[in-house]
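Student: Once you've had a glance at the structure underneath, I'll fire off some questions.
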Amino acid sequence: MTNPPEGSKSPFECFMCERPLKMGPGMYEGRAVNVWDILVCDRCYRGNEDGIVTSRHPKLIAHLERSDLPYKLNEEGYLSWPKG
């Protein structure tokens with residue numbers, strides 16, 4: 001994974017906020033959530049550590065349901081990040 005030339009659009013973007021991500025040697029602004037087949041930026045991941053408010057991220061729920069991917073809600077009714 002390397003970044004595109006200066007001035008061109010990044011091929012990587014956060015699934016949740018759609019912010020372009022810099023991903024390459026020594027620069028990783030996001031992480032893969034392989035179980036859900038998505039990339040998320042560090043800001044979205046850390047900002048939702050206690051759970052993802054599903055009403056604020058309908059695109060994520062639609063993706064999980066359309067792709068028949070596993071997910072669970074925590075005690076507060078928020079979507080939990082998958083373990084591992």
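The values are calculated or read from the model by the stated rules, or taken from the named source; none is laboratory data. Here the structure is a predicted model, which is why all the values come from computation and not from measurement. Note: areas computed on protein heavy atoms with side chains; ligands, DNA, RNA excluded. Shrake-Rupley method; radii C 1.70, N 1.55, O 1.52, S 1.80 Å.
Student: For segment 40-84, what is the convex hull volume of its Cα atoms per residue in Å³?
Tutor: 85
Student: Over the chain, calculate the relative contact order: mean separation of alpha carbon pairs under 8 Å at least 6 apart, over the residue count, as a percent.
Tutor: Numbers: 109 pairs, mean separation 18.0, N = 84.
Here the relative contact order equals 21 percent.
Student: Under 5 Å between amide hydrogens, which residues at least 5 positions from Ile38 or on another chain qualify, with H placed 1.01 Å from N in the peptide plane?
Tutor: Distant-sequence amide H within range of Ile38: Val33.
Student: Quick one: pull the percent of accessible area on the chain belonging to carbon and sulfur, 1.4 Å probe, ligands and nucleic acids left out.
Tutor: Carbon and sulfur: 50 percent of the exposed surface of the chain.
Student: Okay, moving on. In whole Hz and in residue order, list the ³J(HN,Hα) couplings for segment 16-30 that follow from phi through the Karplus curve 6.51 cos²θ - 1.76 cosθ + 1.60, θ = phi - 60°; x for Gly and Pro.
Tutor: Per-residue couplings from phi come out as 7, 10, 6, 6, x, 10, 8, 9, x, x, x, 9, 10, 8, x Hz.
Student: For segment 42-57, just list the computed ³J(HN,Hα) in residue order, Karplus coefficients 6.51, -1.76 and 1.60, θ = phi - 60°, integers in Hz, with x standing in for Gly and Pro.
Tutor: 4, 5, 5, 5, 5, x, 10, 4, 8, x, 9, 6, 5, 5, 8, 9
Student: Continuing with this model, one more query. Determine the calculated [θ] at 222 nm for the chain from helices alone, applying -39500 (n - 2.57) to every DSSP H run no shorter than 4 residues and normalising by the residue count; nearest 500 deg cm²/dmol.
Tutor: Estimated from H runs of four or more residues: -4500 deg cm²/dmol.
Student: What accessible area per residue, rounded to a whole number of Å², is obtained for the chain using a probe radius of 1.4 Å? Don't skip to the end; give the middle numbers.
Tutor: Details: 5780 Å² over 84 residues.
Value for the chain: 69 Å² per residue.
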